[in-house]
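Peer 1: Have a look at this one before I ask anything.
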Amino acid sequence: MEHEIAKALEIWILQNTLDGSIMAGFVALGIAMVEPYHQRIERLLTLRVSTELWRAVTVVTVDLLLAVMVVAGLFLVNPDIMADVKMAVPFYPLAVVLVAVALVLRLLHGGTEPGSRTWRRALWLLFWADLVNLAGFTFVMEAPGHEYLDLHPNAAWSWITAHLRSNAVPGGIELAQWCFWIFFPLLVAILLWAFASAMSRRGGSGSDVA
């Protein structure tokens, strides 16, 4: 009994982490794309320190939310976890990859400068990531359950729930394994790109420490 309770609690935490990371992506996109609104609020602030603080908060909040989604994705896009939780595959893993690229652009390639080419690229990546997650959440994770399908059989919904949910046996689990071997290496490659970008920027300033 204790094992079942512990396992149920583990799955509950993982599922809520997954759902929360999806919501974090939507909030980040919403804050990032209303730059004119940020500027209007900034003009209402009279003290220089308050305008600088407002500007910093709006930028850092977006990046923190994106970092939460990427870290959660690195943790959740793993074979055993995907078999336990109701994840939309390949939707969520693809969205995490897109967000990871956007985060690197924002943090290390000037993507926080409103109106710049890199800022626009990062914003487009966030938009497509949220669109992918919206489709996955709506049509896969929260597709009609067996209670509805028992009364109203539908071949399309039945196929989706049997093949595109990571915990569906056996179709979903098999697809989740393929997604792991495709998207997890991509996440590692993005991490290496971020590290290389950070080191290249550091190389020009300061002396090496032995």
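Peer 1: With the structure loaded, tell me whether I13 is surrounded by 13 or more Cβ atoms within 10 Å (Cβ to Cβ), within 26 Å of G171 (Cβ to Cβ) and β-branched (V, I, T) or whether it fails that test.
Peer 2: Criteria not met by I13.
Peer 1: Filter region 144-202 for residues that are part of a loop (DSSP other than H, G, I, E, B) and touching a strand residue (DSSP E or B) at 6+ places or on another chain (Cβ under 9 Å) and give the result.
Peer 2: L164, S166
Peer 1: Also, I was wondering about something else. When you scan region 35-92, how many residues do you find that are assigned to a loop (DSSP other than H, G, I, E, B), farther than 27 Å from C179 by Cβ and out of contact with any helix residue (DSSP H, G or I) (no Cβ under 6 Å at 6 or more places or on another chain)?
Peer 2: Adding up the residues that qualify gives 2.
Peer 1: Quick check on region 62-76. Is at least one of its residues closer than 18 Å to L186 by Cβ and over 15 Å from the mean Cα position of the chain (by Cα)?
Peer 2: No; the residues of region 62-76 include none that is closer than 18 Å to L186 by Cβ and over 15 Å from the mean Cα position of the chain (by Cα).
Peer 1: Out of all the residues in region 140-164, which are hydrophobic (A, V, I, L, M, F, W, C), free of Cβ contacts under 8 Å to residues at least 24 places away in the same chain and surrounded by 15 or more Cβ atoms within 10 Å (Cβ to Cβ)?
Peer 2: Hits for region 140-164 are A143, L149, W157, I160.
Laboratory data are not the source of any read-out in this text; all were calculated from the coordinates shown. None of these values were measured; they are calculated from a predicted model. When we count neighbours, we look across all protein chains shown, and the Cβ atoms used for this are built from the backbone with ideal geometry, even at glycine.
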